[in-house]
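To start, the structure under review is shown below, and the notes come after it.
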Amino acid sequence: EGDASIGLREGNKNSLGFYPLHNRIHPVAVTNATEEMFNAWLKDTRNGMNSLMLAAGLDDVTELNVAAQNWLAQENKIDLTRTVALHDGTKAGVGDRIITRQNARKLSITSTSFVKNRHHWKVIDVREDGSLVVQHDDTSRYVRLPSDYVAAHVELGYASTITGAQGLTVDSCHTLIRGRETRALAYVGASRGKESNQLYVAVAGDGDEHEAVFDQSE
């Protein structure tokens, strides 16, 4: 898969053959594409994996983030009794996963690092002033994100745009492909997961894999 992803990045058409042959591509009906992908993310999450959902469109990303948050709330894994509004139009409560989307050198993590774009965090506390106390995924250090930064530069972190996921690494990655994505975006979606990368291709019809055609001639 590593060789195939490199070929995809470089535009080698032959590398595409790896993905359907190794069950990395899943045709899904346009009408329930996000639902299919969310269910796959849910399975990985229940198995203890750090899993991420990707899509090119903001509407898809928001839908997926809200679906993940609602499930976690129902499972009492997060607390939404007190929340703050985020940049993407959603809200975050204690236990939620979030992504910061703007470098902030004044918000130090360690003596040599600071809050950066694409950093992943867990919300530890929601303050009355709208700020968040968060824990950094990689360092486990705690930082308080001011309310103005939260409102302008923080999003839920269960799903992301493909562009916004560049540089991220997770256990498993599930990417929605609607046909408007470039090769560069497809490469990002097919290479974020250390253990698994799955592509969900929205097709006309009911998503029957036997009706799907993977054309490698173009």
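Other residues within the sphere of radius under 12 Å centred on the Cβ of His87, judged by their own Cβ, net out at -1 (K and R +1, D and E -1). As a ratio to 2.2 N^0.38 Å, the alpha-carbon radius of gyration for the chain is 1.06.
The value of relative contact order for the stretch 16-81, using C-alpha pairs under 8 Å at least six residues apart, is 21 percent. Normalising the average separation of contacting C-alpha pairs (under 8 angstrom, six or more residues apart) by the number of residues puts the relative contact order of the stretch 50-165 at 32 percent.
Using a 10 angstrom cutoff on alpha carbons, build the Gaussian network for the chain and name the most mobile of Gly11, Gly164, Gly95. Of the options given, Gly11 has the highest mean-square fluctuation. At the residue level, His120 shows approximately 30 square angstrom of accessible surface with a 1.4 angstrom probe and all protein chains present. As a fraction of the 1.4 Å probe accessible area of the stretch 56-205, surface on carbon and sulfur atoms comes out at 45 percent.
Length gained on full extension, Asn14 to Asp125, computed as 0.36 nm times the residue gap minus the Cα-Cα distance: 35.1 nm. In the context of the full set of protein chains, the chain has a per residue accessible area of 52 Å² (1.4 Å probe).
The relative contact order of the chain comes to 28 percent, based on Cα pairs under 8 Å that sit 6 or more residues apart.
Compared with the alpha-carbon gap, the fully stretched path from Lys116 to Asn32 is longer by 26.8 nm at 0.36 nm per residue. With the helix formula -39500 (n - 2.57) applied to DSSP H stretches of n ≥ 4, the chain reaches a computed 222 nm mean residue ellipticity of -7500 deg cm²/dmol.
Among beta bridges identified by DSSP and lying wholly in the chain, the antiparallel ones come to about 50 percent.
The values are calculated or read from the model by the stated rules, or taken from the named source; none is laboratory data. Treat the numbers as computed from the prediction; the structure is a model and nothing was measured. Note that each Cβ is placed from the backbone with ideal geometry, even for glycine, and that neighbours are counted across all protein chains shown. With ligands, DNA and RNA removed, areas are computed over all heavy atoms of the protein, side chains included. Shrake-Rupley method; radii C 1.70, N 1.55, O 1.52, S 1.80 Å.
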